[in-house]
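All remarks here apply to the structure that follows.
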Amino acid sequence: MSRGGQLLAIGGVSTQRRPCRRVPSRASPARSTGMSPMSNCSVLRRLLSVFALAGAFAAGSAGAAQSADGYVAIDPPHATATGERVEVLEFFQYGCPHCRAMEPLVEAWQDKQQDDVALQRVPVAFNAAMEPWQRLYYTLEGLDKLELQQAVFSAVQTERNPLNSRERVIDWAAKQGLDKDKFAAMYDSFGVGTKVNRANQLIKSYSLQSVPTLVVDGRYMTSPALANGYQESLDKVDELIAKARSAR
């Protein structure tokens, strides 16, 4: 995914391969305006369309030094939450087609990692109206049901279900065969709320502007846009993990 923009076929349509970017919100959250999580993303047609691939990548962190090597160095490095293990953060969003394309690649990549690497996915909300997506992810995580990740991407991007409210999310979960009461309890739990707050702190800390984005050990940031491809970005992560190990 070059900064000049390569052609990429998504759903049989050739488009510029560029990241899904933050769009400044000009409206209050969904519960007060009736807007869905997609309403403030120019990358979606109306409420239920998928992200349009517009705008060049904006490197995420204030103080990040641009590199010609497919990543940016974060200066100063950020603290991590994985102790002795090398932390890898994957910032993603359910409305982003690139994140959907990355999902099976990330799964395969994770299965090959050594025990000293810890992958943590971070669901991104660029405004408060997108919070249901964050709560959905952490609820699935809490119930050990992350095998439904692709089903969520399909619901949002293909089935025209915005999953833009607690009620819609819970109804969707029940249709996947999950216990409705247990799912609702987890969705509303203090633990899920704490994880959402932590995710938002990370988004702010790294000044995130686009998804998908990968951060290694709080030191290095890369993406398909910077590394020139989906698999290439994960190959770059492997290089950066080795770099992070040697820096410890």
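Read-outs: derived from the displayed coordinates by stated rules, not from any lab. Predicted, not measured: the structure shown is a model, and the values here were computed from it. FYI the Cβ positions are ideal-geometry reconstructions off the backbone, even for glycines, and counts take in every protein chain you see.
Dividing the convex hull volume of the alpha-carbon atoms in region 140-228 by its residue count gives 133 Å³ per residue. With the gyration tensor restricted to C-alpha atoms of region 205-248, the semi-axes of the equivalent ellipsoid amount to 18, 14, 5 Å, longest first.
Taking the centroid of alpha carbons for each part, region 184-247 and region 102-163 are 12 Å apart.
May I ask you to list the residues of region 82-107 whose amide nitrogen lies under 19 Å from a point 7 Å from Cα along the Cα→beta-carbon direction of Arg248? Only 82-90 pass the distance filter. Between Asp181 and Ser154, the simple spin-label model (points 7 angstrom out along Cα→Cβ) gives 2.9 nm. The HN-Hα couplings worked out from phi for region 169-175 by the Karplus form 6.51 cos²θ - 1.76 cosθ + 1.60 (θ = phi - 60°) are 4, 5, 4, 4, 4, 4, 5 Hz, whole numbers, x standing for Gly and Pro. Taken over region 162-211, the convex hull of the Cα atoms encloses 93 Å³ per residue.
Near Asn200, once Lys and Arg are set to +1 and Asp and Glu to -1 for all other residues with Cβ below 14 Å from its Cβ, the sum equals +4.
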